Amino acid sequence: MKFIETRNVAVGVDLGQSRDPTTLAVMEQVRYSVPGDDGYDPPRHGRYIAPDFEIPRSQYNIRLLEQAPLGESYPAQARRIKSILSRESIAQHAPRVLIDYTGVGRAVYDIFKAERVPRLVPVTITFQGDGRNDAGGYSVPKIDLVSKLQALMHTGCLHMPDSLPLAKVFRRELLDFRVSYTAVGNATFGAREGAHDDTILAVALAVYGLDGQGRIGIGPLNLG
């Protein structure tokens with residue numbers, strides 16, 4: 001059986017502050033399907049099909065993972081993102097840019113809008129509860145974002161070339177992610193003490209965008 005590949009791209013941006021850099025990730029999702037895999041055979045006008053084969057799981061490929069220089073201004077970061085978005089292999093997918101809207105993210109979101117970064121989606125990272133936020137974007141628990149990545153890695157659906165400069169950093173951050181509890185029993189989520197979670201949040205935001213974004217069927221993403 002020959003499967004149809006549908007590729008989709010999204011960008012995740014985890015904003016840095018004075019002591020940690022802004023991290024951005026370009027993610028590609030490859031979905032597999034067959035003609036009429038919605039359960040109907042169009043040429044036969046609605047006859048139901050019961051597939052006797054297994055459609056492969058979607059694959060998530062980290063195509064770019066980089067950090068802006070520490071101390072780079074937010075307008076300069078906006079221009080950096082626009083430059084990446086202008087690359088032909090990315091521009092043809094018209095990806096959404098999911099930016100952390102938590103804390104300082106509110107002000108940075110306004111700066112990015114003023115710099116005309118296209119298709120911005122503000123995401124508020126919460127401790128619990130999901131839905132829409134006050135900027136027309138989304139609110140999502142941090143544990144949900146990271147748990148999705150951990151599940152993708154354990155099932156072999158998350159791929160990253162070892163040649164990416166931050167590949168080892170990402171894997172270490174994902175392994176270091178911890179769930180801890182306060183004295184009153186409230187759960188908190190993040191990297192272990194002294195560690196960071198910048199790369200996993202950038203990748204997680206991009207994956208969140210991929211799972212809810214419209215898809216178009218075009219060729220492979222080439223960032224070379």
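Computed quantities for the displayed model
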| item | result |
| --- | --- |
| Output for region 56-86, where each listed residue is surrounded by fewer than 17 Cβ atoms within 10 Å (Cβ to Cβ) and within 28 Å of Gly156 (Cβ to Cβ) | Pro56, Arg57, Ser58 |
| Condition met for Ala167 (within 14 Å of Ile62 (Cα to Cα) and either at pLDDT 90 or above or β-branched (Val, Ile, Thr) (or both)) | no |
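The values are calculated or read from the model by the stated rules, or taken from the named source; none is laboratory data. Quantities reported herein were computed from a predicted structural model and do not represent experimental measurements. Neighbour counts are summed over all protein chains in view; Cβ atoms, including those assigned to glycine, are modelled from backbone coordinates with ideal geometry.
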